[in-house]
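Encoded as structure tokens, the structure appears first; notes follow it.
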Amino acid sequence: MPLARLVWSDDLLHYDFGHGHPMAPARLDLTMRLAAELGLLDSPELEIVGVPPAGDAVLESVHDAAYIAAVRAAARGVLAPDRGLGTEDDPVFPGMHDAAARLVAGSVDVADAVWAGTVTHGLNIAGGMHHAHRSAASGFCIYNDAAAAIRRLLDAGAQRVAYVDLDAHHGDGVEAEFWDDPRVLTFSIHQDGSTLFPGTGNPADVGGPDADGTAVNVALPPRTASAAWLRALDAVMPAVVREFRPQVIVSQHGADAHAKDPLSDLRIGVAALAQGARMVHELAHEVADGRWVALGGGGYAVVDVVPLAWTSLIAEALHTPLDLSRPMPPAWRDYVARAVGRVGERRLEVDPVTWRRWVAGYDPADAVDRAVLATRRHVFPLWGLDPYQD
Ligand SMILES: [Zn+2]
Ligand SMILES: [Zn+2]
């Protein structure tokens, strides 16, 4: 039995809003090419499966039927800007319904496999479309595969599912879907909504009346860098997840918090993103018998960031972490030059990250520490935890 299952087929490249749109399919193509060059795809611990688009029953578990009909119509060119379809962020394209529904099927497939125990870890780097709402597209996201995967786990009998969202943007669609459901803990660490799309994700937002404390938001100031990001993540996420005792963790690994990403003002390096993924992975083994479903997400530095970040995610799930400072394979750099017409860097990441744990004391003069404390003060008492102590 392999350790991990990865959803992939070239059909997933059809999620394509067109030339010039930041969500370029090259991000996925270059990732898979790099993973192949590094030998990860030949691992006996990895099975790779393709999936057909999800059917209506799966889509209707997290979307209104009328919205699904509008996406189908959009794929034929009928715009519905009131549902976010045919906007600057979410232009319509032929095949849109099938392409978006295939991402959903991928995340549901790996969630099923992890819950059934046929694999320990599931990966869908094409997924993580966390902004899609019940009845509207938003922020490059048409259907919410993360929410659908969580819904499938609940329907299969899971009583507690933790969702951990590392994308630069607030995981608003997933949070909204499970806002008042005590069975789902949603955690999101992101750039403050007053300075970045979608504008939500405040520390005071802690869940609906039946689910107090099951929404957790860490809202960081612009320019937060690697060490502070890891400090903030570690100061909130593991403690709350441990109290919640999930049976499975679903995580979203948007790589757009990176310093080179054009769509956020955070300054996180790949090494920190990889360390964040490791934190989630280790927690899954600690509290959830290893059950971990890892999804992609945002990430618009398609050469310099996304391929290395997500290759390292695949390597992490295979228990063979990548040396991020290694030179990029020449064959991959040649492919990059042919595919996107520019020469990729010889090395993408050099700096290991050292960071200070929260227990080492917080600094009221530091904006990141103040952001962390705001979340701890809103959330920790609801879990019987002390905001001021480790
Ligand atoms: Zn994002
Ligand atoms: Zn593992």
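Couple of notes before you dig in:
- Of everything listed in (1) within 16 Å of ligand 1 (Cβ to nearest atom); (2) of a type in the set (Ser, Thr, Tyr); (3) open to solvent by less than 10 Å² (accessible area, probe 1.4 Å), the single unmet condition for Ser138 is (3).
- Options His121, His130; residue that is within 16 Å of ligand 1 (Cβ to nearest atom), in contact (Cβ under 8 Å) with a residue 40 or more places away in the chain and closer than 30 Å to His319 by Cβ: His130
- Some residue of the stretch 263-270 being outside any loop (DSSP other than H, G, I, E, B), open to solvent by less than 10 Å² (accessible area, probe 1.4 Å) and under 27 Å from Thr195 (Cα atoms): yes
- Residue in the stretch 271-322 that is nearest to ligand 1 (Cβ to nearest atom), counting only those that are within 26 Å of Asp192 (Cα to Cα) and charged (D, E, K, R): Asp304
- Some residue of the stretch 317-329 being touching a residue at least 60 places away in the same chain (Cβ under 8 Å), under 27 Å from Ala100 (Cα atoms), assigned to a helix (DSSP H, G or I) and within 16 Å of ligand 2 (Cβ to nearest atom): yes
- Tally of residues being buried (at least 19 other Cβ atoms within 10 Å of the Cβ) and either at pLDDT below 95 or more than 23 Å from the chain's Cα centre (by Cα) (or both) across the stretch 51-67: 1
- Residue list for the stretch 155-175, restricted to those being more than 16 Å from ligand 1 (Cβ to nearest atom) and open to solvent by 10 Å² or more (accessible area, probe 1.4 Å): Asp155, Ala156, Gly157, Gln159, Arg160
- Sub-6 Å Cβ pairs linking a first residue in the stretch 278-293 that is under 16 Å from Ile314 (Cα atoms) to a second residue that is within 16 Å of ligand 1 (Cβ to nearest atom) and not acidic (Asp, Glu), at least 6 apart or interchain, are Val280/Val164; Val280/Ser251, ordered by first then second residue.
- Test result for Ala301, open to solvent by 30 Å² or more (accessible area, probe 1.4 Å), over 23 Å from Thr120 (Cα atoms) and more than 16 Å from ligand 2 (Cβ to nearest atom): no
- Counting only residues that are away from ligand 2 (no atom under 12 Å from the Cβ) and over 16 Å from the mean Cα position of the chain (by Cα), the stretch 272-298 holds 1 of them.
- Any hit, the stretch 322-338, residues being crowded, with 23+ Cβ neighbours inside 10 Å and of a type in the set (Gly, Ala, Ser): no
- The number of residues in the stretch 233-259 being assigned to a loop (DSSP other than H, G, I, E, B), open to solvent by 10 Å² or more (accessible area, probe 1.4 Å) and under 21 Å from Thr354 (Cβ atoms) comes to 1.
- Residue pairs whose Cβ atoms lie under 9 Å apart, sitting 6 or more positions apart in sequence or on different chains, and linking a residue in the stretch 362-390 that is within 25 Å of Arg245 (Cβ to Cβ) to a partner that is among the charged types (D, E, K, R) and open to solvent by less than 20 Å² (accessible area, probe 1.4 Å), are Val372/Arg231; Leu385/Arg376; Asp386/Arg376; Pro387/Arg376; Tyr388/Arg376.
- Looking only at residues in the stretch 68-95 that are of a type in the set (A, V, I, L, M) and open to solvent by 30 Å² or more (accessible area, probe 1.4 Å), the one that is nearest to the chain's Cα centre (by Cα) is Val92.
- Of the residues making up the stretch 84-101, one or more are without any contact (Cβ under 8 Å) to a residue 24 or more places away in the chain and on the phi > 0 side of the Ramachandran plot.
The values are calculated or read from the model by the stated rules, or taken from the named source; none is laboratory data. Here the structure is a predicted model, which is why all the values come from computation and not from measurement. Counting neighbours? That spans all protein chains shown, and the Cβs are built from the backbone with ideal geometry, glycine included. The accessibility values were calculated without ligands, DNA or RNA, using every heavy atom of the protein model including side chains. Shrake-Rupley method; radii C 1.70, N 1.55, O 1.52, S 1.80 Å.
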